[in-house]
Amino acid sequence: MDENSVAAVLGKLDFEIFVLTAAHQDRRNGQIVCWVVPATIVPQVPRILVGVGRMTFTRELIEASQGFALNLLGKDQWPWVAHFGFRSGRETDKFATLSCKRGVTGSPILRGTVGYLDCQVRTLFDDGAGAHLFYLADVIDGKIVADRSPLCLHHLPELLPPEDLATMRQLLEQDAQCNLALLSKSRYQQQA
Ligand SMILES: Cc1cc2nc3c(=O)[nH]c(=O)nc-3n(C[C@H](O)[C@H](O)[C@H](O)COP(=O)(O)O)c2cc1C
């Protein structure tokens, strides 16, 4: 396999950027995600698939509550990429300076976004090997907040300040190394 050719094809894909939020009892948190895919074509039964890192604090709250909300960011909301994506809520209260309401699932709904989906977990896909797990969820509520352009992954190089862009690339590289170690280990175990 030519890794560069494969990366070139995957690089043509683009993804909208969301703040994935969840709450359980007196704990609440949010993280950036972009692996979000509609999982039905039936408007009466909306479902969504989202990929979440095994070790994130938000995932811990999703596991506890079996619910989450996806808050779709507007193009002008790029500062939230660093706020929700560069550090863990285990170290800092990401909602300390933000006002939000609660959705039907109890998950935080952020103000000023393009829109949100409130979701109840249906199935967890975990192959036991990768650093990411995939949640298939029923969308039980949702609303357009402001009808404008969403923030996408390909916008970030032109919008983020250079130091944020450098941080993002560094975090991505670190994550990729950890994920490679996990995936290589599982491939070796399969062959043995
Ligand atoms: C542009 C961008 C996209 C990201 N996409 C995802 C994603 O799809 N899934 C995921 O689990 N983490 C993703 N992350 C990483 C998490 O947002 C990050 O690990 C976060 O700090 C976890 O926070 P928490 O521990 O407070 O939940 C992304 C980060 C950035 C900056």
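Summary table
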quantity	calculated
Residues within the stretch 67-107 that are hydroxyl-bearing (Ser, Thr, Tyr) and closer than 22 Å to ARG169 by Cα, tallied	2
Close pairs from the stretch 8-32: first among the aliphatic types (A, V, I, L, M), partner part of a loop (DSSP other than H, G, I, E, B), Cβ under 7 Å, at least 6 apart	ILE17/CYS34; ILE17/LEU73; ILE17/LEU151; VAL19/LEU73; ALA22/SER107; ALA23/GLY106; ALA23/SER107; ILE32/ILE17
Selection count, the stretch 1-28, where residues are among the polar types (S, T, N, Q) and in contact with a Pro (Cβ under 8 Å, 6 or more places away or on another chain)	1
Extreme residue, surrounded by the fewest Cβ atoms within 10 Å (Cβ to Cβ), among residues of the stretch 36-75 that are touching a residue at least 60 places away in the same chain (Cβ under 8 Å) and either closer than 17 Å to VAL114 by Cα or touching a helix residue (DSSP H, G or I) at 6+ places or on another chain (Cβ under 7 Å) (or both)	LYS75
Residue check, CYS119 modelled with pLDDT under 95 and either part of a helix (DSSP H, G or I) or hydrophobic (A, V, I, L, M, F, W, C) (or both)	no
Matching residues in the stretch 87-114 - criterion: being away from the ligand (no atom under 15 Å from the Cβ), of a type in the set (Gly, Ala, Ser) and closer than 15 Å to GLY67 by Cα	GLY103, GLY106
Residue that is surrounded by the most Cβ atoms within 10 Å (Cβ to Cβ) [pool: residues in the stretch 108-129 that are touching a Cys at 6+ places or on another chain (Cβ under 8 Å) and of a type outside the set (A, V, I, L, M)]	PRO108
All positions within the stretch 105-148 that are polar (S, T, N, Q) and in contact with a Ser or Thr (Cβ under 9 Å, 6 or more places away or on another chain)	THR105, SER107, GLN120
Identity of the residue in the stretch 45-72, modelled with pLDDT of 95 or more and part of a loop (DSSP other than H, G, I, E, B), that ends up nearest to the ligand (Cβ to nearest atom)	THR56
Number of the condition not met by ASP164 [criteria: (1) more than 22 Å from LEU183 (Cβ to Cβ); (2) more than 11 Å from the ligand (Cβ to nearest atom); (3) among the acidic types (Asp, Glu)]	(2)
Flag for ARG27 being in contact with a strand residue (DSSP E or B) (Cβ under 6 Å, 6 or more places away or on another chain) and either within 13 Å of the ligand (Cβ to nearest atom) or of a type outside the set (Phe, Trp, Tyr) (or both)	no
Whichever residue in the stretch 130-146 is assigned to a strand (DSSP E or B) and within 16 Å of the ligand (Cβ to nearest atom) and, among such residues, is surrounded by the most Cβ atoms within 10 Å (Cβ to Cβ)	ALA137
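The values are calculated or read from the model by the stated rules, or taken from the named source; none is laboratory data. The structure displayed is predicted, hence computed values, not measured ones. Cβ coordinates were reconstructed from backbone atoms using ideal geometry, including for glycine residues, and neighbour counts include every protein chain displayed.
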